[in-house]
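So the structure is just underneath, and the comments pick up after that.
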Amino acid sequence: MMSVDVVWLLVFCALIVIVGVTVLNTLTFPRLRSSALQAYPLVSVLVPARDEGQVIVETVRRILAQDYPSFELILLDDHSSDGTADLARAAAGDDTRMLILAGQALPEGWTGKNWACWQLAGKAQGEILVFSDADVRWESGALTAIVAGMQATKADVFSVWPTQRSGSWGERLVVPLMMFAVLGYLPEVAVRFVPLSAFAAANGQCLAFRKEAYERVRGHFSVRNRVVEDVEMARLSKASGLRLVMALGSEMVWCRMYQCWREVRDGFAKNILAGHGHPLYLVASTLFHWLLFIVPWIWLLVGGWIDLGTGWPFAPLLLIGLGLGSRLLSAKVAGHRLVDAAFMPVSVFLMTIIAIQSLWWYAHGGPLWKGRRISQRGADG
């Protein structure tokens with residue numbers, strides 16, 4: 001068995017890497033910004049919607065209020081039971097840029113969102129396709145900033161990470177971990193410049209393609225049965241030689257994904273196992289994050305310390321400082337509440353509950369989401 005000092009050194013090295021990657025991303029990660037455009041291609045903003053009556057009116061109004069001069073908005077009503085289509089139609093009024101589609105029946109072997117996006121892409125006329133979730137909010141100038149970002153970086157695929165807003169404690173302690181993982185574990189410069197699909201990520205909440213790029217990877221058809229379709233499409237894009245660029249929403253594009261702890265738990269549990277690829281990987285990831293962010297606190301509270309001859313006899317304090325520092329920096333970059341970083345051990349504990357929920361679903365046929373049973377595809381190799 002490994003001695004305590006070896007374990008501490010491994011944890012220390014892991015935290016140093018996380019801090020280093022976070023600092024690098026702080027300096028290099030592109031942000032959405034208003035800037036001059038080289039051209040004004042037609043853009044298709046594509047919104048899949050299923051039972052989104054509570055948010056769809058504001059979503060439609062915000063998108064139609066964009067200052068970009070050449071775009072269409074296509075919304076697909078995916079068999080909603082809450083009047084989503086009628087509310088969207090009323091919000092658009094007589095704006096001819098808006099088209100509402102009635103979703104076709106879900107074919108076998110497809111997830112609902114991927115099928116909706118595939119239908120939307122089939123109707124789009126734009127040179128650029130921007131897929132945006134129904135609960136994503138667009139500030140004025142956001143669409144112009146996306147097109148400008150694609151032009152400036154010569155991106156074929158452009159993934160915007162919306163600023164995540166939260167209200168309840170469950171949201172505040174869990175939702176920011178999504179950006180913490182991106183900022184701490186994935187060097188953004190590698191996504192842009194290293195032609196390996198291992199360095200690929202994307203956020204399907206706001207994901208833009210040049211139309212020819214989307215067609216080259218066969219779009220959502222290629223990931224039709226995948227729960228984390230955004231990451232899979234990012235990997236396919238890089239494997240196909242396309243240029244993938246990520247950008248922070250910087251409050252120009254933002255979202256409040258959930259409203260309470262139960263929604264947070266179920267929403268993250270729906271995706272987390274597929275994102276890890278196998279139940280054993282999820283278990284290993286959970287144990288790894290306990291070592292990094294919970295065990296040092298336990299170690300400190302029971303009065304443990306070691307001296308490795310480095311002059312640092314209080315190893316737990318060093319580990320805690322590195323862990324909190326990385327979380328604090330990611331919160332600053334992503335626009336989250338800084339005070340919530342202090343509760344990182346609680347956040348990891350809540351993620352453990354989410355992992356357990358996901359594994360329970362895996363053992364019982366998959367989660368039920370918006371009335372549909374979802375296969376956790378990718379979680380069994």
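The values are calculated or read from the model by the stated rules, or taken from the named source; none is laboratory data. Note that this is a predicted model, so its numbers are computed, not measured. Note: ideal-geometry Cβ built from the backbone for every residue, glycine included; neighbour counts use all protein chains shown. Please note that ligands, DNA and RNA were not included when accessible areas were found on the heavy atoms of the full protein model with its side chains. Shrake-Rupley method; radii C 1.70, N 1.55, O 1.52, S 1.80 Å.
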So which residues in region 202-235 are farther than 23 Å from PRO41 by Cβ and either open to solvent by less than 10 Å² (accessible area, probe 1.4 Å) or out of contact with any Asp or Glu (no Cβ under 8 Å at 6 or more places or on another chain) (or both)? PHE221, VAL223, ARG224, ASN225, VAL227, VAL228, GLU229, VAL231, GLU232, ARG235
Going through region 36-54 in order, the residues found to be under 19 Å from ASP67 (Cβ atoms) and either out of contact with any helix residue (DSSP H, G or I) (no Cβ under 9 Å at 6 or more places or on another chain) or open to solvent by 40 Å² or more (accessible area, probe 1.4 Å) (or both) are ALA36, GLN38, ALA39, TYR40, LEU42
Sort out which residues of region 114-133 are crowded, with 22+ Cβ neighbours inside 10 Å and under 19 Å from ASN203 (Cβ atoms), and write them in order of number. ASN114, ALA116, CYS117, LEU120, ILE128, LEU129, VAL130, PHE131, SER132
Flag for TRP161 being open to solvent by less than 50 Å² (accessible area, probe 1.4 Å) and within 30 Å of VAL348 (Cα to Cα): yes
Using beta carbons and a limit of 6 Å, which pairs, at least six apart or on different chains, have the first residue in region 153-175 and in contact (Cβ under 8 Å) with a residue 24 or more places away in the chain and the second one of a type in the set (Asp, Glu)? THR163/GLU251; ARG172/ASP340
Give the residue, chosen from THR144, THR163, that is more than 24 Å from ALA200 (Cα to Cα) and modelled with pLDDT of 95 or more. THR144
Within region 60-113, restricting to residues that are more than 26 Å from ALA39 (Cβ to Cβ) and in contact with a Phe, Trp or Tyr (Cβ under 7 Å, 6 or more places away or on another chain), the one that is least open to solvent (accessible area, probe 1.4 Å) is PRO107
Taking the residues in region 289-301 that are touching a Pro at 6+ places or on another chain (Cβ under 9 Å) and either open to solvent by less than 40 Å² (accessible area, probe 1.4 Å) or in a loop (DSSP other than H, G, I, E, B) (or both) as candidates, determine which candidate is nearest to MET178 (Cα to Cα). PHE293
Under 6 Å between Cβ atoms, at least 6 apart or on separate chains: pull out the pairs that start in region 182-208 with a residue that is without any contact (Cβ under 8 Å) to a residue 12 or more places away in the chain and part of a helix (DSSP H, G or I) and end on any residue that is open to solvent by 10 Å² or more (accessible area, probe 1.4 Å) and among the hydrophobic types (A, V, I, L, M, F, W, C). ALA190/PHE199
For ALA92, which of the numbered conditions (1) farther than 20 Å from GLN125 by Cα; (2) of a type in the set (A, V, I, L, M, F, W, C); (3) more than 27 Å from the chain's Cα centre (by Cα) fails to hold? (1)
Determine whether region 12-35 contains at least one residue that is open to solvent by 50 Å² or more (accessible area, probe 1.4 Å) and touching a strand residue (DSSP E or B) at 6+ places or on another chain (Cβ under 6 Å). yes
Please determine, by comparing only the residues of region 236-288 that are part of a helix (DSSP H, G or I) and within 21 Å of ALA155 (Cβ to Cβ), which one is least open to solvent (accessible area, probe 1.4 Å). SER237
